[in-house]
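Chemist: I have a structure here, written as structure tokens, and I will follow up with some questions on it.
The values are calculated or read from the model by the stated rules, or taken from the named source; none is laboratory data. Small disclaimer: the values here were computed from a predicted structure and weren't measured. Every residue, glycine as well, gets a Cβ built from its backbone with ideal geometry; the counts of neighbours run over all protein chains shown.
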Amino acid sequence: MRSTFTRTAPRMRVRSTLAAVSAGLLGVALSSGDAHAAPTHGGQNVSGAGAIAAQDEAAAPVSPHVSGPADCNVSLCVHTANVGVDYEAWAEFRVNVTKGRFHIWGPRLNVTTPDSPWRAGQNTRRYRGHGSGRVCAEGWSYSGGRWHSLGQACVATK
């Protein structure tokens, strides 16, 4: 069952699973465990702010913070922005993906975006992490009844 919520900004709808809302996971999911743990690829692993539907993520407001390092491979890019002692991280596919997701992790950040179609160049929403270290994004595409990794891209935050 899905619920629909409207933000105060015009034309921005946020859809999140009822479970995520009732669990109070609307903020960024911070992981105290291993930040490099593999995402769940068959079940639902929508963590915190990752519950926002991908098609609505492109409408998320752009943060006015200073851009940090970015890295790309053939299929995807990970971007960062410095926000004081925190950072924001987001990702994009460089190719169209019929059904896909991102796993984005780094210092005090571990989130998996919802399964959705993604257009090349469509950014995820920005996820906030804390601290310095390595921030990575791995893209996944679903085809032929299986999930396939489209590779990883990583950057160092300060």
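Chemist: Tell me which residues, restricted to the stretch 119-139, are closer than 12 Å to residue 99 by Cα and under 12 Å from the mean Cα position of the chain (by Cα).
Modeler: Scanning the stretch 119-139 gives a single hit, 139.
Chemist: Would a scan of the stretch 50-58 turn up a residue that is farther than 12 Å from residue 126 by Cβ, modelled with pLDDT of 95 or more and not in a strand (DSSP E or B)?
Modeler: no
Chemist: Restricting the search to the stretch 110-138, which residues are in a strand (DSSP E or B), more than 16 Å from residue 68 (Cα to Cα) and among the hydroxyl-bearing types (Ser, Thr, Tyr)?
Modeler: Result: 112, 116.
Chemist: Being hydroxyl-bearing (Ser, Thr, Tyr), surrounded by 18 or more Cβ atoms within 10 Å (Cβ to Cβ) and in a strand (DSSP E or B) is the requirement here; does residue 98 meet it?
Modeler: Spelling it out, it is not the case that residue 98 is hydroxyl-bearing (Ser, Thr, Tyr), surrounded by 18 or more Cβ atoms within 10 Å (Cβ to Cβ) and in a strand (DSSP E or B).
Chemist: So in the stretch 140-158, with the set limited to residues that are more than 14 Å from the chain's Cα centre (by Cα) and aliphatic (A, V, I, L, M), which one is nearest to residue 72 (Cα to Cα)?
Modeler: 155
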